[in-house]
1. Calculate the tail of P(r) for segment 806-866: the fraction of all Cα-Cα distances greater than 13 Å, expressed in %.
2. Taking segment 574-644, which trypsin sites (Lys or Arg not before Pro) meet the DSSP loop condition and have no more than 14 other C-beta atoms within 10 Å?
3. Along Cα→Cβ, 7 Å out, is where each label goes; now give me the distance between the ones at E521 and M210 in nm to one decimal.
4. Between the DSSP loop rule and a limit of at most 16 other Cβ atoms within 10 Å, which trypsin sites (Lys or Arg not before Pro) in segment 1-37 are left?
5. Please compute the length gained on full extension between L817 and T187, using 0.36 nm multiplied by the number of residues separating them and subtracting their Cα-Cα distance.
6. Explain nothing, just the number: dipole magnitude of the chain about its Cα centre with +1 on each Lys and Arg Cβ and -1 on each Asp and Glu Cβ, in debye rounded to the nearest 20.
7. Run the numbers for E290 and R410: contour at 0.36 nm per residue of separation, minus the present Cα-Cα distance, in nm.
8. As a test of understanding, state the convex hull volume per residue of segment 663-802 from its alpha carbons, in Å³.
Amino acid sequence: MESAAQAHWRNTRAFEVTEDSSKPKYYCLSMLPYPSGALHMGHVRNYTIGDVISRFRRMTGYNVMQPMGWDAFGLPAENAAIKNHTAPAKWTYANIEHMRGQLQSLGYAIDWSREVTTCTPEYYRWEQLMFTRLFKKGIVYRKNSVVNWDPVDQTVLANEQVIDGRGWRSGAIVEKREIPQWFLKITAYAQELLDGLDTLSGWPDAVKTMQRNWIGRSEGLEINFAVDGEAEPLTVFTTRPDTLMGVTYVAVAAEHPLAVKAAANNPQLAAFIEECKHGGVSEAELETQEKKGVATGVYAVHPVSGEKVPVWVANFVLMGYGTGAVMAVPGHDQRDFEFAHKYALPIQQVIAIRSPLPPHLAPEFAYDVNEWKEWYGDKTRDDLIVINSGELDGMGYKQAFEHLVAKFERESLGARRVNFRLRDWGVSRQRYWGCPIPIIYCAQCDAVPVPEDQLPVVLPEDVAFTGMKSPIKADPEWRKTTCPNCGGPAERETDTFDTFMESSWYYARYTSPGANDLVDERANHWLPVDQYIGGIEHAIMHLMYFRFYHKLMRDAGMVKSDEPATNLLCQGMVIADTFYREVPGAPNEWFNPADVDVTLDERGRVTGATLKSDGLPVHVGGTEKMAKSKNNGVDPQLMVDRYGADTVRLFSMFAAPPEQSLDWNESGVEGMSRFLRRLWSQAHKHVADGPAPTLDLAALSPAAKTLRRQLHETIQKVGDDYGRRYTFNTAIAAVMELLNALAKFDETGDSARALRQEAFEAVTLLLNPITPHTAHALWQSLGHAEATLEDIAFPKADPAALVRDSVTLAVQVNGKLRGTIEVAANAARDEIEALAQAEANVVKFLEGLAVKKIIVVPGKIVNIVAA
């Protein structure tokens, strides 16, 4: 059945689309997968959600595009190549072939004619072209940046590859090293990226909040501290200038020029700076590590008091963030306080609660450093004033801020600044398996972009890869070239792009297959994406770069829209039980759920487990996200082979709403399989009785009318669940209820058979977006051998069928449900009240009470108030 449906779709090119102005367009896109070798259940859930939306939109008259591609560059391919003694390219292309077959086996309505593979020159040529254009516009630049360096593997490591200060693979102590890196000026778009979030009403609030926080707009004051013996001042940025008189020291990064100069004659400081080179470079790591520092012996001059404050080198200050220097106010900042307490530096209170004090505080209330967060951390409070600050005393935050801005700008000691937490996008990677950065280095001309007619710069794929050094860095012949400016000898850049580059514009390339640029005029037909689907773990990095790159393309005249996607759906994780045994002196040994027999309680919860291979107990580790580290993943192909693609798709949509986590349960999969078999059996039992006559509405019995009303209520609900609410689980539940009602309907005769025909056809169409293989076969069995579901519209509810002759009302006594009554849909109020008071169970609860008031909510409830 499934192979026949897939062959039909393939042979008819059912899901290939062109720009058809006669229909509204709908671009549905799920985030492209990394070709790791096999799909996991997270993929299945993600792509099934997209497929349900795509198929439904097609059935409601849209020209739907749903493409697919492969995010094929990146470090995992290098790691796998080392492990399997092969080249990354060979491993990647083999995985793509396998995973493409898996996606096709699940029956997704994908336009494969638009497929992209990001590691091919046909794809990355265009991002190289875009990079050279951005270089010429000044959006691209090169500067030194601090990175994690593995001295054994001779490579830069991502923060997550540094484990306890050592390289994840070599075990070598990681160094901080300053090397040249290429950057894109995303900060030039910081305000627009922030403002644009207000236009994205179809994006989850959680994602927008995460992006706002990451962009981190802050208004503050840039202040210059003169430094003894130095011509240049030390510049700091602060959002709390009202605390300026509480500065008792200044902290600088280990790489700051002032620190480096001071270390020349200070062995202790030099040793500390060397130690800092082995720390992490992420903000998260800096927040959690022990705060450490060494005094430089240098003093800065406070710009107001003229007092000298010591300059310290601190491991919590990064050179790449802000100015690489911070003014420390230990009386009102947790980090500064911890540091000052550790090194016995002064702590000065400069913020207090405005009088009168809160009732629970004594008049002699004194500053308590242990309560700084509670009383002094919020600049938006209007009950705080500045103290111990001379001319600022008695001012609130805003007044003090404005006073100091005016003073410092007048005296050229500082200026108002808007700062962003967002930093420019570093796109250089010192690894092999990535898109070559199209830059040539010439001794005479410096860095020169590769001319457009010499693109792409092709990454060699047939290489010997050991992981010790990038093959293109190790190959002098690959590096050797000629300067396009002066014609002299030159070398190619051997860094490759961050793989976020490829995934930042792939959605646009899908719109313009074969275009002789990144995109062509077809892009403006399809963009922006109408529905984007992917995990919330991509909320900051990918989705930020995705939005940024779209604005770059817009400013280059390639697209007209401001944002790449109108709506975003972040699906929940797929979680499953975990099982393990403890291994003395080693990590736990984790076992796949398929290899374990479990004992369940009456609620279906796991209470015990044994390993199938030896019958011995294993620990139940709880329910967690499917992951290789816990060996709790379920192979989708195994499930497809065992139950069929439609069953897997159906369970993925039924087990939970899209935004929530899905708890994998094979008994639930079996339940979905039984439902489909029951549908198949009932439909074919109906078909076996021969062709059904035309439905005669006038001939329907009361029971038949009730069933038909439920049928059309289900049509109405499922259409809303698919199209507006995206609650596919409730849509499936409604179809299940309808099928149960259909099974109980035992009337015979022409009217009954005609109604069953209408019902089975509707159920087939309602389930088509989720179980397309079953729907394809059922539609033909129901007498439509010549027509295909790709051409059939989603059913519409018949308004006449929805009209009820009677309604069921809940009857309450003093707010508690005591019975129900059936009344005519147009029954008068006094008739409803009489029937409610006459209901047998209600009569019992009214004994001895006097009815005070009766409240009738039409079509819903009767509430009798009695005492």
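What follows draws every value from the coordinates through simple rules; no lab data is involved. Just so it is clear, the structure is predicted and the values come from calculations on it, not from any experiment. Glycine also receives a Cβ, built like all others from the backbone with ideal geometry; neighbour counts cover every protein chain displayed.
1. Across segment 806-866, Cα pairs with separations above 13 Å total 53 percent.
2. Passing both the DSSP loop test and the Cβ count: R603, R605, K612.
3. 3.9 nm
4. Answer by residue number: R13.
5. So the chain would gain 220.7 nm between L817 and T187.
6. 760 debye
7. 39.2 nm
8. Dividing the Cα hull volume of segment 663-802 by its residue count gives 114 Å³.
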